[in-house]
Amino acid sequence: MTITSRLVANEQDLKAVYDIRKKVFVDEQGVPAENEYDEFEESSKHVLVLYNNEPVAAGRVRVVDGVAKLQRICVLASHRKYGLGRAVVEALESVAREDGLKEAKLNGQTHAEAFYSKLGYHTVSDVFLEEGIPHVTMKKTL
């Protein structure tokens, strides 16, 4: 088993990121496709995670008010439980650190709150809905 991650630097990788996001958020969770892709795609840095050289997980990071905002973190259903979610978050945090950022935040789905807690994030909001899915905002010092 080989897990690798990389910053997206070409159209082929970006297409793989979008394909993974479509399968997870649009097909699996029912998020409308027009809401999944937004005006921040080009200004974000995207990360692609591969399992045995197969693209299976993704995420993006962008700077909001001087803080790294981790978004669109997802792993294909067929590849959950291999530590790939951790690989995505760690890759995004690495990008943020390289950009000189000292804090990260994310809006995590409540079912993933314990997962993010294990990675050092703490909840800083009440539960709210995004696309009809319960979320909480979480933060971490990098």
Problem set entry | Per residue, in Å², the accessible surface of the chain once ligands and nucleic acids are set aside, probe 1.4 Å | 54 Å²
Exercise. Along each of its three principal axes, how wide is the spread of alpha-carbon positions in region 1-121, in whole angstrom units, largest first?
Worked result: 33, 31, 30
Problem set entry | Under 17 Å from the Cα of Lys140 - aspartates and glutamates, other chains or at least 8 residues apart | Asp65, Glu90, Glu93, Glu98, Asp99, Glu103, Glu113, Asp126
Exercise. Got a number for the accessible area of Glu131? Probe 1.4 Å, square angstrom, nearest 10.
Worked result: 90 Å²
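How large is the charge dipole for region 79-142, taken about the Cα centre, if only the Cβ atoms of Lys, Arg (+1) and Asp, Glu (-1) carry charge, to the nearest 20 debye?
I would put it at about 280 debye.
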For this session: Grab the beta carbon distance between Tyr18 and Val64, set R0 = 22 Å, and tell me the FRET efficiency rounded to 0.05.
Result: 0.55
For this session: Assign unit charges at the C-beta atoms only (+1 for Lys and Arg, -1 for Asp and Glu), then state the dipole size of the chain relative to its Cα centre in Debye, rounded to the nearest 20.
Result: 620 debye
Problem set entry | Portion, in percent, of the accessible area of the chain that falls on carbon or sulfur, probe 1.4 Å | 49 percent
Exercise. For Lys23, which lysines qualify as cross-link partners when the Cα separation must be under 21 Å and same-chain residues fewer than eight apart are set aside?
Worked result: Lys15, Lys45, Lys81
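The values are calculated or read from the model by the stated rules, or taken from the named source; none is laboratory data. Small disclaimer: the values here were computed from a predicted structure and weren't measured. Heads up, the Cβs are rebuilt from the backbone with ideal geometry, glycines too, and the neighbour counts pull from every protein chain shown. The accessibility values were calculated without ligands, DNA or RNA, using every heavy atom of the protein model including side chains. Shrake-Rupley method; radii C 1.70, N 1.55, O 1.52, S 1.80 Å.
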